[in-house]
Every structure is written in C-alpha cells, then in structure tokens.
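Participant: Before I ask anything, let me first share the structure, which is written out below as structure tokens.
Bear in mind that the values in this text are calculations on the coordinates, not laboratory data. Just so it is clear, the model here is predicted, and its values are computed rather than measured. In this analysis, Cβ positions are derived from the backbone assuming ideal geometry, glycine residues included, and neighbour counts consider all displayed protein chains.
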Amino acid sequence: MPHRFSHMLGIEPLTAEQITFILDQSKPLQEIQRHPLKKLATLRGKSAALAFFEPSTRTRISFATAAARLGADTMNLQAEVSSLRKGESLLDTVRTLDAMKPDCLVMRHSSSGAPHFVAERIGIPVINAGDGTHEHPTQALLDALTIRDRRGTLAGLNVTILGDVLHSRVARSNIHLLGKFGCKFTLSGPAMWLPRELECLAPQGSSIRRVPRMEEALEGADVVLVLRVQQERHHEAALALDEYVLLYQLTPERLRRAQPDALVLHPGPMLRGLEIDPAVADGPQSCVLEQVTNGLAVRMALLLMLMLGTPTDASDVMKGAGHAAD
Ligand code: CP
C-alpha cells in the first residue's frame, strides 16, 4: 500500500512498514545510477531549496544530484556567505527561500529540532538532512538499503556501533530504524560517550547493551557501524587521540572478532587512522562507497514522494529512463 509523507523529519515516528515502503521505492532508482543517461524529467519545473547551515559534502551533493537526476532545479543557500552573517534569523532566512517558491526544503542545522521548527512554519515539505545530535533520517535509510541489499533482510541482526554514540545523530536514526526490525545493538566506545540513557532509545522488540571493551563488543556482529569522532561537538575534556586509536580504532585484527562476512559501515567523513584503520576502510567488508551511491536512490525516492504530492511508483518513473530532461 502506498504511503504519503508530509515531511521527512526523523525515523523515530515511522513504522517498519513505512520504512520498507521507502526502501522499496528506492530500489528501482538504484538502477539509474548505473544507466549511461542519468537524467529523468519527472520533476521538471520543480525546485528544491537546499539550506545547509552546517558543513556537508555527501548529503548536500547527494540531494543536489538526486534533484538534478529527476529534472528538478535546486536553490542553494550558502550559509557562510549569506545574510545570516548579518544577523538574519533562521526563520526569516527560510521564509525568504520559501518566498522564491521552491517545492521542498532540505535543511541541515546544528540545533536539534530546527527542521521541525521550520516545518511547522512554512507550507512546503521539509527534509531533515541532519539536526544537531538528534536525527539524520536519510543517512539511516541509505544505511538500511545497503544492509538489506547485502544481507537480504534487516530482521534480527546484531549491530555493533563504535565510538562517539552520544553526539551521533547517525547512531540515533540507525537505532530507531533497525530497532523496528528487531535488531540488537551493542554500543562501544569511551564511557563518557556511552551514557546509560542511550539504552532507552531501543524500540520495542529491540535491545541495547553497552560494552566498553571493543573486542568484546565486536563478537558475533553482523553489522559494524563506525562513527566519526565529532571533535566539533565535544565540550567536555576530550580523550587523547592516541589513546582513542589504541583502545577504539577498528583495525583488521579487531574486525576478525565479528562475523566473517560482517558489513562495515561509516557515514563519512571518515577520519582514517583515528576511528578506522585504512585497511578496514578500503577492505572487502567496507560498504562506505556503496552507502554513498545508495544515498542517491534513497534521496531521489524521497524527493519524488514529497515533491510530486501524489503517490507515485518509482518503477513507473524508471520506465522513462533514457528520456533525459533537457
Ligand atoms: N554522512 C554525512 O552526513 O556526511 P556529510 O556531513 O558529508 O553530509
């Protein structure tokens, strides 16, 4: 049954059925990334406003590319050279963008809840591209698509999440998403980044345990999600980086504790040599670049669902592949 979405602000309120629907809609759109002609005309005449108030490489370019491949234009706010620097508020900034009549707003902001605040005040769909330490829904969806493709299912997997869980919106969205499919989570990293409250995130039918010793946390893992050490969000006395490498870096030796075919995911940007050994980042179990490619399909699916405003089957859209928009 098709689902309709007004916004895409987070994974937490979604059901497993809605998530499966989004992933299923993304499947046919994976094909176009391999097609010699990558441009469709489905969203010709539509515009997506991209407002990133925090740095981004993958998510911003992925949304811009996804929009272009569907034939839509993009309006790009460059926060660092915008009138925000002159003191304009977030709300006045997004209302100004809205007055230029885009058909959706994709936004990233350092404050948790900022996209929700904006969504209540403008009349177009808002997509959360990462808000503070709260959620990064499209990252979790592209991670899930990658895992489901490789494993054939999301159900009941053992997922180990390594590193700075406390500050990670990626970890939160992944726990909300995979937990709805009965995955079990083991969190590992420095104790200050693994507060007990994180256990409350586990959706019904899921569980979270905290295991500070990384070698133990990796035992039997089907999926290993490595997080970036987010130095920009650390207000407490940080762990010495060489100590972090010694105790918590994912090395080939440590990875051998996981299932032999365990998948290694990292949302990027990766800090090679800090949270991940380059031999793992570039190794056969790494899904890092596949995640990036899958991001295009997931974001195309969401743009279609939100910008067309009518239920659309992505398989039908793909029938137009090869008929490029001008
Ligand atoms: N994964 C992710 O959000 O990367 P960017 O910060 O480069 O967008």
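Participant: At R0 = 45 Å, how high is the FRET efficiency between residue 209 and residue 31 if r is their beta carbon distance? Nearest 0.05 is fine.
Facilitator: Efficiency, rounded to the nearest 0.05: 0.70.
Participant: Would you mind classifying segment 1-64 by shape? Square roots of the alpha carbon gyration tensor eigenvalues, ordered a ≥ b ≥ c; an a/c under 1.5 is rounded, otherwise it is prolate if a/b is larger than b/c and oblate if not.
Facilitator: oblate
Participant: By count of other Cβ within 10 Å, fewest leading, how are 84, 43 ordered?
Facilitator: Fewest-to-most ranking of 84, 43: 84, 43.
Participant: Could you calculate the FRET efficiency of residue 293 with residue 86 from 1/(1 + (r/R0)^6), where r is the beta carbon distance between them and R0 is 30 Å, rounded to 0.05?
Facilitator: Given R0 = 30 Å and the Cβ-Cβ separation, E is 0.20.
Participant: If you wrap a convex hull around the alpha carbons of the chain, what volume per residue comes out, as a whole number of Å³?
Facilitator: Once divided by residue count, the hull of the chain is 136 Å³.
Participant: Fewest Cβ neighbours within 10 Å first, please rank 39, 319 accordingly.
Facilitator: By the 10 Å Cβ count, ascending: 319, 39.
Participant: List 317, 223 from most exposed to least, where exposure is judged by having the fewest other Cβ atoms within 10 Å.
Facilitator: 317, 223
Participant: Just for the chain, what percent of DSSP beta bridges are antiparallel, to the closest 5?
Facilitator: About 5 percent, rounded to the nearest 5.
Participant: Which order, highest average first, do 114-123, 195-204 follow once you tally other Cβ atoms within 10 Å for each residue and take the mean per peptide?
Facilitator: Order by mean packing, descending: 114-123, 195-204.
Participant: What share of Cα pairs, in percent, lie more than 17 angstrom apart in segment 1-136?
Facilitator: Roughly 63 percent, rounded to a whole number.
Participant: If packing is taken as the mean number of other Cβ atoms within 10 Å per residue, what is the order of 10-17, 290-297, highest first?
Facilitator: Output ranking for 10-17, 290-297: 290-297, 10-17.
Participant: Tell me, how many Å apart are the Cα centres for segment 57-77 and for segment 181-217?
Facilitator: Distance between centres, Cα-based: 34 Å.
Participant: Roughly what % of Cα-Cα distances in segment 137-289 sit above 18 Å, to the whole percent?
Facilitator: 52
Participant: Classify segment 237-313 as rounded, prolate or oblate from the Cα gyration tensor: take a ≥ b ≥ c as the square roots of its eigenvalues, call it rounded if a/c is under 1.5, otherwise prolate when a/b beats b/c and oblate if not.
Facilitator: prolate
Participant: Leaving out same-chain residues fewer than 8 places away, which aspartates and glutamates sit with a Cα under 20 Å from that of residue 27?
Facilitator: 17, 143, 149, 290, 313, 316
Participant: Given only helices, namely DSSP H runs of n ≥ 4 each adding -39500 (n - 2.57), what is the per-residue ellipticity at 222 nm of the chain, to the nearest 500 deg cm²/dmol?
Facilitator: Helix-only estimate at 222 nm: -10500 deg cm²/dmol.
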